[in-house]
1. For ASN206, are the conditions met, namely being touching a residue at least 40 places away in the same chain (Cβ under 8 Å), surrounded by fewer than 19 Cβ atoms within 10 Å (Cβ to Cβ), in a strand (DSSP E or B) and of a type outside the set (Gly, Ala, Ser)?
2. Here is a check on your reading of the model: is LEU817 farther than 26 Å from ILE909 by Cβ and not β-branched (Val, Ile, Thr)?
3. So, in segment 168-192, of the ones that are aliphatic (A, V, I, L, M) and touching a residue at least 12 places away in the same chain (Cβ under 8 Å), which residue ends up surrounded by the most Cβ atoms within 10 Å (Cβ to Cβ)?
4. Taking the condition closer than 23 Å to LYS616 by Cα and either in contact with a strand residue (DSSP E or B) (Cβ under 7 Å, 6 or more places away or on another chain) or outside the structural domain of LEU473 (by TED's automatic domain parsing) (or both), does TYR592 pass?
5. For segment 689-732, name all the residues that are over 19 Å from TRP769 (Cα atoms) and crowded, with 16+ Cβ neighbours inside 10 Å.
6. Kindly provide the set of residues from segment 290-316 that are part of a loop (DSSP other than H, G, I, E, B), surrounded by fewer than 18 Cβ atoms within 10 Å (Cβ to Cβ) and of a type in the set (D, E, K, R), ordered by number.
7. Step by step: first the residues of segment 497-534, then only those that are touching a residue at least 60 places away in the same chain (Cβ under 8 Å) and in a loop (DSSP other than H, G, I, E, B), then the one that is nearest to LEU577 (Cα to Cα). Which residue is that?
8. Return the residue satisfying two criteria in turn: it lies in segment 556-566 and is in contact (Cβ under 8 Å) with a residue 40 or more places away in the chain and assigned to a helix (DSSP H, G or I), and of such residues it is surrounded by the most Cβ atoms within 10 Å (Cβ to Cβ).
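The values are calculated or read from the model by the stated rules, or taken from the named source; none is laboratory data. Worth saying up front: this structure is predicted, and the values here are computed from it rather than measured. All Cβ positions, even for glycine, are placed from backbone atoms using ideal geometry, and neighbour counts span all protein chains on display.
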Amino acid sequence: MKKKLHILCLLFASIAFGQVTITPSPFEVNQSITITVDINSSATDCDGINNPNKVYLHSGVGTDANPWTYVVGNWGQDDGVGEMTDMGGGLWQITLVPETYYGLTSAQAATITKMGMVFRNENGGQELKATGCNDFFFDVGAFQSTLVTPDDGSTTILASGSNLTITANNTGGSATYVLKANGATINSNSGTSYSYTDTNITENKNYALEVTLSGTTITKNFNVIINPGTVTESLPAGLEDGINYNADTSKATLVLDAPNKDFVYIAGSFNNWQPDGSYAMKKDGTTGKFWLEISGLTPGQNYTYQYWVIDETPIANSPSLVKTADPYSTLVLSPFDDPFIPASTYPNLPTYPAGQEREVTVLQTGQTPYNWQVQNFTKPKKEDLIVYEVLIRDFDADRNYQNLIDRIDYFKNLNINAIQLMPIMEFEGNESWGYNTSFHLALDKYYGTADKFKEFVDLCHQNGIAVILDVALNHAFGRNPMVRMWMNDPDNDGWGEPSSENPYFNQVATHSYSVGSDFNHQQSRTQYYTERVVKHWIEEYKIDGFRWDLTKGFTQECTASDEGCTNGYRNDRVAILKQYADYSWSLDDTHYVIFEHLGQDNEEKEWADYRLGEGKGIMMWGKMTDQYNQLTMGYASNADISRMGHNSRGFNGPRLIGYAESHDEERLMYRNLQFGNTALSSHNVQDLNTALSRMSALGAASLTIPGPKMIWHFGALGMENSIFTCNNGTVNTPSDPAPGDCKLDTKPQPQWTDNWLADANRAKIYNDWARIINLKVAEPVFEGNYSISPYINDIRQRIYIWDDNIPATDLKNVVILCNFSVADLTIVPDFPYNGVWYDLMDETGATSILVTNTADPIAIPAGQFRIFGNQQSILSTEEFQNTTSTISLYPNPASDSFKLDKNVQEVQIYDITGKQIKTFEGSFAAGHTFDVSELTNALYLVKIVSNKGTATKRLLIE
C-alpha cells in the first residue's frame, strides 16, 4: 500500500512574514482588510504554489493560544470559499471583514486577538506556508498584550512550596490586570505592565491573566504542576494496560506504561480536571508501570479523562508535559472531529469537556453487555470465501453502520459470505480511508456506536456472513498517545514525530513504504500493544478475521530508500507475523489471518503454508488487476491470469485471496471507458453498456477459480467512477497538468440514487455474479483442482475445474469458456469427455449440449462466457438420486421448524458451504415437526432419506 495522507497541522507560533501583507495594519476585527500573498516567495520547507489556476485562503481567527478557533475554508475543494483574486505578477488578494467573514457574534468578536492562515491551489495539492512550514499568524486589534513570564500556554513544573513570578505588558494605554488561579482571583493591578509572584504553591494550578482595556479583554492562560513525589507500590495482580473494570462498579483501575517519565496525574471529569495529589499515579517497582484506582464512580455514567505525563528533564526538543488520552481507549472524544458527527449516526454522543484540548478517553463502569443473537458463529471455509471489501464512507449516503444493516439484502442476494471493512478504528478526521489510525482499540465514531457495530456483526453472522477488519498496525498517526508521549516537538505545539526515546516507534521508517509514524515490531511493548488490539476485536466484537495492512513494513532490516531490501525476504518480518498469527489462533482457532504483502512468492509461501496441517495457514492478497483489466478492455497482451490460482505461486493450500479490484487500484470500468478497445464499432468497449456487458465474464474467469476471492464494493454493479474522482465529481490524478490527487476523496454514490439494481445492464452483472458465487460455495467441485489454459492467446480463456474424488453422478467437472475479444469468436472447449454437458448458469438446469467430439468449437459472442458441468448443479434441481416419489417440505421459508409430507428415515441439514450442521435419525411419520430453531437465518440444503430413495431440498430460514 502506498498512500500519501495529507494532514493540516495547526501551528500556533506568531511570526512576521514578508510573503503576506494585511492592510490596514494594525486592524480591528470589524474593519475591512485586504490580504495580499506573493506566491513567488516560496517557503523553504513547504511545497509552495507554482502556476496555479486559482489560489485559496484557508484561514481562522481566535486567541493567541488557538488562532484557529473559527475557521473558513474547505481544504481541497474548488468551491469558491476563500478564493482570491489574481492581481498579476504572482500577487493574489482577498478583501474581507473578519467579524462578518468568520460569522462571529459580538461576544466572540471581542475575544479575537490572532488570525492564522495558509494558502493553497484549487485542489489542495500545493500549499504555501511560512519558513519552517509554519502557518502565517497576525495580531488582530491595536490593543495587544504579551505574557513575558511564563510563556503563554506553558506548564511550569515545581516542587511543592515553590514560587512563580508572572510578568506581562500591553499596548494601547493603561489596562486592568486580573490574575486567577483555579477560577479564583488572587491578584489585580493596573498599568501598561504587570508583575506578581505567587508564593508557596502546593497544588496544581490553572492560571488565567485577564487584561482589559476599553471593554476589550485578552486572556493569557498558563499552568503549574507540582511534583507529587511518586509513591512506589506493586501493581495488583491481573491488571493490564488501560482501563481495568472489576466487579465493584464504583471503581476502575487505570494502568499506563510510561518509561522515562517522572510522574503522571490523572485529570478528568471526576476531579473537575484539576487533579490534586490523590490523583497522582503510583508506580510499580518491578515493571515501572504507573497505576491508580479511581473510586466513587457512578455505574453507567460517562466520565472523561487524560493522563498528564511529566518528564522533568526531557531530551532536546521534547516536551516536559504531554496531556494525552489513554493509548488503550475504546472510546475517545475529539475536539477536532466530534462536532461534525451527525446525531443520527451517534445518538447521545458524550460531550467533549469544556476547557480541555486534544483527545480524551471515556470511562464507564457498569456497562450493559450487548445481547448477541449468534454466540458461536461457524465461519465459511477458507476455500469458499467470497470477500466483499467495503469502505463505509463511500457505501451509502449516511456513511454509517446502519447503512450496512439496511442493505443486508444487497449482500445476501449477491451470495457473498464475508464482508471486509476498511479500517474503522479511530482515525484522524472523519471522512477518511481509515489508514491514518490513531487509536487502534477504539471505533471511529463517525460510523456509529459500538452497539450498532455489534448489531451489524450479529446480523451478518445470522446470515452466514463473516466480518473481517482491515487493521493498520504498521504505523500510527500523530494523535496517537504513544507517539505524543515520546515526541520531538521543537515548536511546542503539542504535535510531533517520535523521538529517540520512543519505546514503540522508529524515528525513521525501516522500509520503503513509510506512512505515518513507523512501529518497531521488534520492541516488546509494540508486540504487547498489537496483541491487545487483536484480542479486543476478537473478544469484544466477535470479529472473524483481520486483513493486515502493509505487512512489508513489519521489518527492521531495511531503510526508507532501499526498496529492494523491503521487497526481499526478511527473516524478522516472517517471524513476527507468524507470532501475531499464532496469537490470533490462540484466541480463535478458526480466525482468518490475511496479509496484504504483495511480495515475493518465497516469503508469502512461508505464511501460506504455516500450520497448514492444522487447517490454518495465512491467506495472502493476490492482486491481478492489470491482467483482468486488459481482458475487460478487450486486449490480449499482458493478460495472463494464471496467477489468480494459488497453485501458480507454490502454495500448498487455498490461501490466495485473488482479486481483480480492491480499494487501492483504479476501477476496471473506468479504464474500460477511457482506454477500452474501439476496433469494432459494433462492440466499442468505451461505450458504457458495452463495457458493462463484459463484466459478467470477469466474474466467470475469476470467482470460479478454486480458493478464496475478493470483490470491491459495487464492482458487481459496474461502478465506473475513477479512484481519483474528487469531491466535486471531477477526476484529478497525480499525473494531471494541474497536479493533485483525489484518490482519498469521498466518492459520489450513484448506485443507490440512480437505482442501479433496476438497471438491466448493471443488474445482469449482479445476478450473474450471484449465480457464480452460489455455484462456487455450494458445489464441492470448486474446492478441487484447476488449470487455466488460454486458447490461442489470452483473449480467449479456458478454465478447467475438477475433483476426481467426486462420483461421476455428481458435478465433478466444470469447463469455463470466456471470449474477451471485441469480436464474436469460437473456442475449442476440449471437454474432458463426451456426453451431456449442462449450462450451469441456467438455474432450471434445463439447458444442455450433447458432446460427441470434445474438440468441436463453441461460438461465444464478444465479451461473453459459458460455464458447463458434467451434471446439473444441486442448486438447479431439488430432487435427485433415484427419487421415485415427490416429497414436499413446508413451510418454506420457515422460522423455527418444518415438516415433510412423507414418511422418512433420516434428515440431514447442510449449510451452503457443504458443512453438515444437523442430523435427525430414526423413523419419522409424515407431518413430523423438525426443530431448527437454533439455526440462523440463511439458505440450507436438506437431504432426505426414505425407502423410496434420496431427495435434496432447499430450505430458507428467516
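1. Answer is yes for this residue.
2. Working: farther than 26 Å from ILE909 by Cβ: yes; not β-branched (Val, Ile, Thr): yes.
So LEU817 fits the description; yes.
3. ALA175
4. On the way: closer than 23 Å to LYS616 by Cα: yes; either in contact with a strand residue (DSSP E or B) (Cβ under 7 Å, 6 or more places away or on another chain) or outside the structural domain of LEU473 (by TED's automatic domain parsing) (or both): yes.
It is true that TYR592 is closer than 23 Å to LYS616 by Cα and either in contact with a strand residue (DSSP E or B) (Cβ under 7 Å, 6 or more places away or on another chain) or outside the structural domain of LEU473 (by TED's automatic domain parsing) (or both).
5. Those that are over 19 Å from TRP769 (Cα atoms) and crowded, with 16+ Cβ neighbours inside 10 Å: ASN721, SER722, ILE723, PHE724, THR725, CYS726, ASN727, ASN732.
6. The answer is GLU312, and nothing else.
7. Per the criteria, the residue is TYR513.
8. The selected residue is THR566.
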